[in-house]
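Contents: one structure, followed by commentary.
The values are calculated or read from the model by the stated rules, or taken from the named source; none is laboratory data. Quantities reported herein were computed from a predicted structural model and do not represent experimental measurements. When we count neighbours, we look across all protein chains shown, and the Cβ atoms used for this are built from the backbone with ideal geometry, even at glycine.
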């Protein structure tokens, strides 16, 4: 029978098992990416980090939802809440009460007959009396959701912290829109013309709006599904070569959908705050995105020196507060500016992708699903348990509770030893001789007048 009260504990167990499994799988994937990324080319490194970032979501879902138990090792939530599960309510069934009364007989009775009687009654009680849950014990034992109180508090804490982090992320987007509130569309001039030529050269058909603002210090690419480019007003005063390199760099971010990936990284970083490697993955992907945008711009313009001069010029502008905004900003991190300029001045690297990259990443995910350890919920490890728990409080099962009064029958079972017959005492008859008292005649006495 379906009981609505059994749904919440099942969902709680499933969510907890998924979170624990995600923590293990994401750690394995992100750690593997950190170890292998340095040996790969830039495109392969980016694909590896993206797979490691979102792969934990996929592998945890497949293992908990479909596989239910990995091939090598797994843990159940019973082990997590073992201390809570070990506390049980006392058994107040009639059988247990009868045995308790027998174990401590009242004072004043002989020990020998009581001992025989106690052994006889104990032997007559079924062996599983103390193990089988009775109706009274089921009513007093904490239900499954009460035994998982600690687990639910942990999930509640995770939800609250994650909600605060996601709220802060939403506030940062609102702050970005507030900064861009004074932007003006750039439809004429050298910048608009150069952007159109770049789109035609790179065969980008969709329109990419261009705007300028006095409240941003560096050029940024923003917009999740409809990318836009916003530049500071002073950027329109640069030379045409620098403007073309600047616009090509930001157009590369729009074409590669880097603002959307940046949102995904920040979303996962805030939602799964307990995984510090997500922050590392986000920083690595941001750095790789800047490198690949530089390569894209150099390939589109053919002038790496112009882009290097543009980077050094923009780095001197005001970039305070832009690093935390959810947008792909140019030269927002001065710490990596020197490496970017060195890459532009050096011979262009061969950015090739191995044909075995995608099959290798797919095999990595399959191996994690099948072999990586994980957690399973109680509902998945013992599918029949919820049905039994749901049927226990049902009305048709209630008549089975009167089986408990079998203990009084056990009291009648032992045979009371027969009391030996008391011999009849016969008192001999004693003949008492008849005593005859002689009759005494009293003469009449006449009293004279």
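Looking only at the stretch 164-184, count how many residues are modelled with pLDDT of 95 or more and more than 30 Å from residue 271 (Cα to Cα).
0
Please specify each residue of the stretch 207-233 satisfying the condition of being out of contact with any strand residue (DSSP E or B) (no Cβ under 9 Å at 6 or more places or on another chain) and at pLDDT 90 or above.
Scanning the stretch 207-233 gives a single hit, 207.
Quickly run through the stretch 6-23 and pick out the residues that are over 14 Å from residue 76 (Cβ atoms) and either in contact with a strand residue (DSSP E or B) (Cβ under 7 Å, 6 or more places away or on another chain) or modelled with pLDDT of 90 or more (or both).
Residues satisfying the conditions are 15, 19, 22, 23.
Quick check on the stretch 70-92. Is at least one of its residues assigned to a helix (DSSP H, G or I), farther than 30 Å from residue 287 by Cβ, modelled with pLDDT under 60 and out of contact with any helix residue (DSSP H, G or I) (no Cβ under 9 Å at 6 or more places or on another chain)?
yes
Residues to consider are 372, 395, 379; find the one that is closer than 30 Å to residue 71 by Cα and modelled with pLDDT under 60.
379
Residue check: is residue 98 buried (at least 18 other Cβ atoms within 10 Å of the Cβ), over 25 Å from residue 364 (Cβ atoms) and modelled with pLDDT under 95?
Values: buried (at least 18 other Cβ atoms within 10 Å of the Cβ): yes; over 25 Å from residue 364 (Cβ atoms): yes; modelled with pLDDT under 95: yes.
Considered against the rule, which asks whether it is buried (at least 18 other Cβ atoms within 10 Å of the Cβ), over 25 Å from residue 364 (Cβ atoms) and modelled with pLDDT under 95, residue 98 comes out as yes.
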